[in-house]
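Contents: one structure, followed by commentary.
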Amino acid sequence: MKRFSYADLPVSRWRNGGGETREIVSFPLGEAQFGWRASIATLAADGDFSLFPGVDRVITLLHGDDVLLSTSTLQHRLIPHQPWAFPGEWALQASLIGGASEDFNIMTRRDVWQSSVAVVTKQAGSENGVAWVLCGEWQLANGETLSRQQGVWWMDETLQLTPLGDDAQLLFTRLSRVL
């Protein structure tokens, strides 16, 4: 299990100047090609999403103004705390509806990993995953707590998170290996 907080995540600016990414983890650690990856991105300008053939993606708007994602045949409006899954092959263009926004991203190489992302308010657990506190406080089985803008990722261990109040919301990613 590895804890992380927003303030401690390394920042990489985009080459096109349209935003920045704070990488949480790229797994397996130290390998050039990820099996799965978690990050938080700031969208500061309209622009194209990078293509990731063979990768499934889930994006969740954390805060800021809504974002319109579109292709020549599809439009989807990102609204806060509503995960949206799409294939990495899609040539998406992001259009900001107002100012900058920030989103949480999960990418899984589809021949190796799959993910399920949801906003939860009740106890949640899995053997592999990533969790990000949206509101309130959450307790780990060892008694440690996580609060807003903190998270945890884990591999090959069962991890349970329990809300510590009625206002608690958690962005919970369950990861599983493709058999």
Report task. Under 1.5 on a/c is rounded, so check that first for region 86-175, then, if it is not, pick prolate when a/b is larger than b/c and oblate when it is not; a ≥ b ≥ c are the square roots of the alpha carbon gyration tensor eigenvalues. Result -> oblate
Query raised in the report: Around Glu89, which amide H atoms from residues at least 5 apart in sequence, or from another chain, sit under 5 Å from its own amide H, with H modelled in the peptide plane?
Result: Phe52, Gly54, Val55
Query raised in the report: Once the piece of chain linking His63 and Ala45 is laid out straight, how much longer is it, given 0.36 nm per residue of separation minus the C-alpha distance between them?
Result: 5.0 nm
Query raised in the report: Extension gain Asn142-Gln123, at 0.36 nm per residue separation less the Cα-Cα distance, in nm?
Result: 5.4 nm
Requested in this report: Arrange the following residues from fewest to most other Cβ atoms within 10 Å of their Cβ: Glu137, Glu157.
Outcome: Glu157, Glu137
**Report entry** Contact order relative to length of region 8-109, as percent, for alpha carbon pairs under 8 angstrom and 6 or more apart
**Finding:** 32 percent
Query raised in the report: If you rank Trp138, Trp36, Trp84 by fewest surrounding Cβ atoms within 10 Å, what's the result?
Result: Trp84, Trp36, Trp138
Query - Simple label model, 7 Å out from Cα along Cβ direction - Ala85 to Glu157, nm - result: 2.7 nm
Query - Cα-based shape type of region 1-66, given that a ≥ b ≥ c are square roots of the gyration tensor eigenvalues and the cut on a/c is 1.5 - result: oblate
**Report entry** Under-5 Å amide H pairs with Asp65, H placed in peptide plane, nonlocal only
**Finding:** Gly99
Report summary line: Going fewest to most other Cβ atoms within 10 Å around each Cβ, Ser115, Ser26 line up as Ser26, Ser115
Report task. Have a look at Ile79, Ile106, Ile24 and tell me which one the Gaussian network model of the chain (Cα, springs below 10 Å) gives the largest fluctuation. Result -> Ile79
Report summary line: For region 1-110, shape from the Cα gyration tensor axes a ≥ b ≥ c, cut at a/c of 1.5 then a/b versus b/c, turns out oblate
**Report entry** Within the chain, longest stretch clear of exposed trypsin sites (Lys or Arg not before Pro) (DSSP loop, no more than 10 other Cβ within 10 Å)
**Finding:** 16-121
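Read-outs throughout are calculated quantities, based only on the coordinates presented, and are distinct from any laboratory measurement. This structure is a prediction, so every number in the text was calculated from the model and none was measured. Backbone-built Cβ (ideal geometry, glycine too); neighbour counts: all protein chains shown.
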